[in-house]
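The values are calculated or read from the model by the stated rules, or taken from the named source; none is laboratory data. None of the values given here were measured: they were computed from a predicted structure. Accessible surface areas use protein heavy atoms only, side chains included; no ligands, DNA or RNA. Shrake-Rupley method; radii C 1.70, N 1.55, O 1.52, S 1.80 Å.
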Amino acid sequence: MGTPHGGSGLVDWASVLTRMFSFIAPTNRDIVKALERDSETLAAVEEDFQQMPMGRHIEVFCFYESNETRDFGRIVPPELAILRQYDNVQITADHSGMTKFFGQLDAGYLSVLARLQAWVARLNALETPDA
């Protein structure tokens, strides 16, 4: 959910913050660098990820944020959060709020629940022998 498959436009900000925090605590600048658009590291991770579902019963679904984060905008815009060959849907929240649901009637919760229920139903159908 909100995975920056294509990188993030906020890497410059993150790099500045990483440098600032490195005086207080250990930081890993390589992780931030890997999230740059067109990063070789991110491309390699994506290629490995794309190979995982091949020939297996693994389904992928992308959720992306619809709202901007105050002061920063969208952390991971839809075009960087989705994988075009897979279904996707927005969660009506900012990046940090897209996994924080306010109960069983929360629209984001219902979207995730519906996807999980569909997957469970398909798995059950695969396991049920024909009568």
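For the reader, a short list of remarks on this structure follows.
- Scanning residues 5 or more positions from THR69 or on other chains, those with amide H under 5 Å from its amide H are ARG74, ILE75, HIS95, with H placed 1.01 Å from N in the peptide plane.
- Under the shape rule built on the C-alpha gyration tensor, where the axes satisfy a ≥ b ≥ c, region 54-131 is oblate, since a/c reaches at least 1.5 while a/b does not exceed b/c.
- Look at the alpha carbon pairs under 8 Å that are at least 6 residues apart: their mean separation over the length of region 39-131 gives a relative contact order of 22 percent.
- Full-stretch length increase - THR69, GLU46 - with 0.36 nm per residue and alpha-carbon distance subtracted: 5.8 nm
- Per residue, the average separation of C-alpha pairs within less than 8 Å and at least 6 apart gives region 50-103 a relative contact order of 39 percent.
- Plainly put, region 39-85 has a radius of gyration that is 1.07 times its Kirkwood radius, both from alpha-carbon atoms, as the Rg/Rh ratio.
- Counted residue by residue at 0.36 nm each, then reduced by the alpha carbon distance between them, the extension gain from VAL89 to LEU113 reaches 7.4 nm.
- Based on protein heavy atoms only, region 79-127 ends up with 69 Å² per residue of surface accessible to a 1.4 Å probe.
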